[in-house]
Amino acid sequence: MTTQTEKSGAQISQKKASFTSYFKFDVKTYTMILALVSIWVIFSAATSGDFLSTRNLSNLFRQMSITGILSLGMIFIIIAGHIDLSVGSLMGLLGGFVAVMNVWFKLDGTVAMIITVLIGILIGIFNGWLVAYKKIPAFIVTLGGLLVFRGILIGMTKGTTIASLSPDIKFLGNAYLIDAIGIILGIAAILFMVYSTLKGRKLRAEYGLEIPPMAVDGVKIAFAAVIIGAFIMILNAYQGLPMPVLILAILAAIVAYILNKTIFGRRVYAIGGNPEAAKLSGINVSKMTMGLFAINGFLVSVAGILLCSRLNAASVAAGQNAEMDAIAACVIGGASLMGGVGSVAGAIVGALVMASLDNGMSMLNIETFWQYIVKGSILVLAVWVDIATKNKK
């Protein structure tokens, strides 16, 4: 019969084990953090510190926003076990739509953007319908879309650049928020983290689940608060929080909530992990798949509008190879191309890695072919790490 002392000792042992387990990181996490830090250190040294200037970091985050939004849509698709090769061409096409409506047809900017978003959702639904109900592999559907959307863009614009958008469209991609707003948003984000953490601990206690030591949650919140504070300070030191970065942050928070806190999100992971088991458990896999492509279409339309807004123009070259950056961002961030694995935080960090490469190599005037070689090699390395870690389990 187990004594009270033995029970207490077992509980203490369990608490100690659980405390240390919360600070364990896998190979993917180490690789991702090491890659980002290494890239920043190398480019900072090569540019005599210009890479880490507040102006360049602000531009870097603004540039990263578009890839980040694309990766938010892609993470849904990849977790579900699919792929979308058309997002770059679709982003260019949707940016072309908003420019044509606003510049050529003199349509109000807000109306043009709403129509563009609706078109993006409809295209996403159509792609999802082909994949889910017509059983055409997503690789083939989106590879065809890559060519079709680019062709429509070239034909629609007659190969010309459409420029000088209305102020309401240009605002989204080029505006900066005043310092006070950035500070308020940063404080609000930290307070929300504290609230979510305390609420989560309370729920776990009510259901009798293991609760992490308060010190663990405290360290995590403190670390996140330092990152958020440094982020806001850097942006405010230049011109303030860029509007595209704010849009990315809002969308990332929504997508993270959907994936981590809703039944819909759990079903996405279930479909990617084992589609047959998900179907047998009562999940409408076809309907879910079509919904995921619709969400992806919405996010691609937002990215297309922001790209067009930032450049104040739409061109036939817009979005070329953006699908590779989005896929690479997700994989670098820990998503598995086999499905069932991935996170929003990882995808955002992966997007930052890809944007840092683009930004740093452009500052060093490295020839374009080398940029392709480096980014392609990193994508292959990320997939290799994913496969290697799976084989060890």
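The values are calculated or read from the model by the stated rules, or taken from the named source; none is laboratory data. As the structure is a prediction and not an experimental result, all values here were calculated from the model. Cβ sites come from the backbone with ideal geometry, for glycine too, and all protein chains shown count toward neighbours. When the accessible area is computed, the model is the full protein with side chains, heavy atoms only, and any ligands, DNA or RNA have been set aside. Shrake-Rupley method; radii C 1.70, N 1.55, O 1.52, S 1.80 Å.
Couple of notes before you dig in:
- Across the alpha-carbon set of the stretch 241-286, the Rg to Rh ratio works out to 1.22, Rh being the Kirkwood radius.
- Computed lengthening from VAL148 to MET363, 0.36 nm per intervening residue step minus Cα-Cα distance: 74.0 nm
- Cα extents of the stretch 282-393 along the three principal axes, largest first (Å): 52, 36, 21
- Distant-in-sequence amide H partners of LEU85 (H built 1.01 Å from N, under 5 Å): THR142, LEU143
- For the residue pairs LYS199/LYS220; LYS135/LYS287; LYS220/LYS375; LYS106/LYS170, the C-alpha atoms sit more than 20 angstrom apart in LYS220/LYS375.
- Rounded D (µm²/s) - the stretch 59-207, Kirkwood Rh over Cα pairs, Stokes-Einstein at 20 °C, 1.002 mPa s: 116 µm²/s
- Across the stretch 232-352, the volume of the C-alpha convex hull divided among the residues equals 118 Å³ per residue.
- Chain lengthening between LEU118 and LYS220 when straightened (0.36 nm per residue, less Cα-Cα): 32.8 nm
- Anchor LYS134: aspartates and glutamates whose Cα lies under 18 Å away (excluding residues fewer than 8 positions away in-chain): ASP84, GLU276
- LEU107 long-range amide H proximity, modeled H, under 5 Å: ASN102
- Nearby aspartates and glutamates by direct alpha-carbon distance to LYS202 (threshold 18 angstrom, same-chain neighbours under 8 apart not counted): GLU210, ASP217
- Taking θ as phi - 60° and the Karplus parameters 6.51, -1.76 and 1.60, the scalar couplings of the stretch 267-282 work out to 5, 4, 5, 5, 5, x, x, 7, x, 5, 5, 4, 5, 5, 7, x Hz in sequence order, x denoting glycine and proline.
- Overall, the accessible surface of the chain at a probe of 1.4 angstrom is composed of carbon and sulfur to the extent of 70 percent.
- Taking θ as phi - 60° and the Karplus parameters 6.51, -1.76 and 1.60, the scalar couplings of the stretch 107-124 work out to 7, 3, x, 5, 4, 4, 5, 4, 4, 4, 4, 5, 4, x, 5, 5, 5, x Hz in sequence order, x denoting glycine and proline.
- Working note: Cα gyration tensor of the chain, eigenvalues times five, square-rooted, sorted largest first, giving semi-axes of 37, 27, 21 Å.
- Across the chain, the mean sequence separation of Cα contacts (distance under 8 Å, 6 or more residues apart), normalised by length, yields a relative contact order of 35 percent.
- Probe 1.4 Å, accessible area per residue of the chain, Å²: 50 Å²
- All other residues whose Cβ lies under 14 angstrom from that of ASN174 are scored, Lys and Arg at +1 and Asp and Glu at -1, for a net of +2.
- Distant-in-sequence amide H partners of LEU241 (H built 1.01 Å from N, under 5 Å): LEU177, GLY182
- ASN59-LEU198 FRET efficiency (beta carbon distance; Förster radius 41 Å; 0.05 resolution): 0.65
- In the chain, taking the dipole from charged Cβ atoms about the Cα centre, the farthest positive-side position among LEU147, ALA329, GLY360 is held by ALA329.
- The stretch 361-377 - phi-based ³J(HN,Hα) in whole Hz, Karplus 6.51/-1.76/1.60, Gly and Pro as x: 5, 5, 4, 8, 6, 6, 4, 4, 5, 5, 4, 4, 4, 5, 5, x, 5
- Ellipticity at 222 nm from helices only: DSSP H runs of n ≥ 4 in the chain, each -39500 (n - 2.57), divided by the residue count, give -26000 deg cm²/dmol.
- The stretch 117-254, relative contact order in percent, only Cα pairs under 8 angstrom and at least six apart counted: 32 percent
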